[in-house]
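Note sheet for the following structure.
The values are calculated or read from the model by the stated rules, or taken from the named source; none is laboratory data. Here the structure is a predicted model, which means the values were calculated and not measured. Cβ placement follows ideal geometry from the backbone for every residue including glycine, while neighbour counts extend to all protein chains displayed.
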Amino acid sequence: MRIFKWMVLTGLALVLSACSKTDTSRDNAPVGKSDVEIFIAQNIITQDIELPRAEAVAVRAGKIIGVGSRKELQKRFKNARLNEEFKSKTIVPGLIDPHIHMILGAMMYAKPFAPPWDVDTPSGVVKGLPDRTSFLARLSEINTEFSGTEPLVIYGYHNLVHGALDKHDLDEITTDRPLIIWHYSGHDFYLNSAALDYVGVDASWAKDFIGVPLGADGEPTGRVYEDAIFRFLTKAGALFLAPQDIERGFNGFEDMLVRSGVTTVAEMGYGLFGLKLEDQYYKAFLDADAKTHVYLVPEHRAFDRGFGDGRIAEINKRVEASAQTWPR
């Protein structure tokens with residue numbers, strides 16, 4: 001399985017500080033060669049002040065069960081397999097990112113970028129666009145690169161760098177297709193006239209949402225944000241949540257986490273895009289062989305809408321059901 005390889009390459013995700021003292025109940029039990037694997041490294045940095053450095057780490061079923069010298073661990077786990085693939089490398093504890101958005105990130109990384117500054121992406125660094133002129137020029141380039149009349153979504157605009165943006169600016173780029181510009185923050189969308197028609201955004205939305213400002217002519221300016229996003233996504237969700245895009249985005253996002261040494265993350269908006277849909281994506285694209293351990297933190301509004309007064313009971317049920325699986 002890939003689990004051993006990514007744990008070593010990116011840093012072992014479990015805390016090494018307790019490893020030299022853990023799981024002693026099975027130390028003397030008969031151990032098959034496939035049951036325990038001992039990784040040898042040039043240097044292992046732990047979080048244990050009593051054992052700050054080591055040369056070997058023993059793993060059973062994806063969990064660290066011992067840290068120490070090669071000799072000590074081979075004596076303790078007599079039939080363990082020895083892995084010297086990383087004997088010239090340094091192993092460190094895996095990093096934890098306590099606030100990410102896996103699905104939102106997957107949605108973003110599946111789109112062409114036009115960012116205000118250099119941004120690392122799964123395919124490499126995308127150079128920043130430091131002013132309005134370069135930004136609008138890049139929008140035109142992307143529109144040409146992705147030729148056709150299908151809706152086009154571009155991520156990365158930032159008003160503090162690129163200036164104000166409305167439907168008239170985007171109509172200068174194209175009127176032949178719906179064009180949607182996604183703000184760098186993830187909270188705002190800017191639509192050209194064709195996109196407003198495509199999604200069905202009109203002046204009536206302003207009666208229900210703060211996030212649909214109207215211009216002097218009483219018509220939408222093209223900006224859709226915050227409280228209007230849920231309705232926006234019910235109309236335009238297919239442009240952001242297509243399975244092939246989510247799979248590509250997941251894979252790219254995971255690769256970036258691994259490259260950065262991040263082995264455990266917390267998704268802080270579980271349910272934001274619909275529990276049924278998200279569960280299907282996690283099951284399909286983050287299976288037991290995933291590179292990253294993901295904790296799902298319930299989004300309170302999603303569970304309130306779905307379960308009302310029973311939301312706490314539902315959360316507890318899901319916690320119990322996922323205790324031995326990932327994501328959890």
Name the residue that is surrounded by the fewest Cβ atoms within 10 Å (Cβ to Cβ), counting only residues in the stretch 266-316 that are basic (Lys, Arg) and touching a strand residue (DSSP E or B) at 6+ places or on another chain (Cβ under 9 Å). 311
Go through the stretch 227-291 and tell me which helices (runs of 4 or more DSSP H), entirely inside it, have 1 or more residues that are under 12 Å from the mean Cα position of the chain (by Cα) and at negative phi. 243-259, 275-285
Hey, among the residues in the stretch 148-167 that are more than 15 Å from residue 135 (Cα to Cα) and crowded, with 21+ Cβ neighbours inside 10 Å, which one's farthest from the chain's Cα centre (by Cα)? 167
Selected residue [small (Gly, Ala, Ser) and closer than 18 Å to residue 249 by Cα] from 302, 284, 323, 313: 284
Can you name every residue in the stretch 111-152 that is in contact (Cβ under 8 Å) with a residue 60 or more places away in the chain and either among the charged types (D, E, K, R) or outside the structural domain of residue 189 (by TED's automatic domain parsing) (or both)? 111, 120
Considering only residues that are charged (D, E, K, R) and touching a helix residue (DSSP H, G or I) at 6+ places or on another chain (Cβ under 8 Å), look in the stretch 209-254 and name the one that is surrounded by the fewest Cβ atoms within 10 Å (Cβ to Cβ). 235
Subset of the stretch 88-144 [assigned to a strand (DSSP E or B) and among the charged types (D, E, K, R)]: 97, 120
Within the stretch 53-87, the residues that are charged (D, E, K, R), within 13 Å of residue 39 (Cβ to Cβ) and in a helix (DSSP H, G or I) are 70
Checked pairs for the stretch 240-259, first under 14 Å from residue 294 (Cα atoms), second at pLDDT 90 or above and small (Gly, Ala, Ser), C-beta under 8 Å and 6 or more apart or across chains, list as 250/106; 253/105; 253/106
